[in-house]
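The values are calculated or read from the model by the stated rules, or taken from the named source; none is laboratory data. Owing to the predicted nature of the structure, the values given are computational and were not obtained by experimental measurement. Neighbour counts are summed over all protein chains in view; Cβ atoms, including those assigned to glycine, are modelled from backbone coordinates with ideal geometry.
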Amino acid sequence: MSGITLTPQSLFAQSFLTPHSIPVNWRPLSTGFGVERTMAFRVTYVAVEAGGEVVVSPSHTIIVRPKVLSVLITGLQSFTTYEIKVAAVTRHYDRPASVVYAGMQIDRISC
């Protein structure tokens, strides 16, 4: 299976657009002989750091259709770093996830 990727590629989270949401996008998986068809993508996110402190919080999951290659995560806290995982879901199992960290930070203006 040389050249075939089983994880979403080019996972990117833009944490600078708004203080309470993160647009996330990725490229489609490779297809080819022996690769089971993607039924959906599972996007899981969890807060891991807030204000310089490690936090323990519940994870949240968004399921999107297989042709959808982006999602907007909303309702987030400012000054918080989130771990975001995207995994392809097949009929029989979840493929390995791609992971990105995105911090929700607001620029401070000093006078």
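When segment 9-24 is limited to residues that are in a strand (DSSP E or B) and modelled with pLDDT of 80 or more, the one that is nearest to Thr74 (Cα to Cα) turns out to be Ser21. Do we find a residue being of a type outside the set (A, V, I, L, M, F, W, C), farther than 27 Å from His92 by Cβ and at pLDDT 90 or above anywhere in segment 25-48? No, segment 25-48 contains no residue that is of a type outside the set (A, V, I, L, M, F, W, C), farther than 27 Å from His92 by Cβ and at pLDDT 90 or above. Any residue that is hydroxyl-bearing (Ser, Thr, Tyr), modelled with pLDDT under 90 and surrounded by fewer than 14 Cβ atoms within 10 Å (Cβ to Cβ) - is there at least one of those in segment 75-84? Within segment 75-84 (the criterion being hydroxyl-bearing (Ser, Thr, Tyr), modelled with pLDDT under 90 and surrounded by fewer than 14 Cβ atoms within 10 Å (Cβ to Cβ)), the answer is yes, since at least one residue qualifies.
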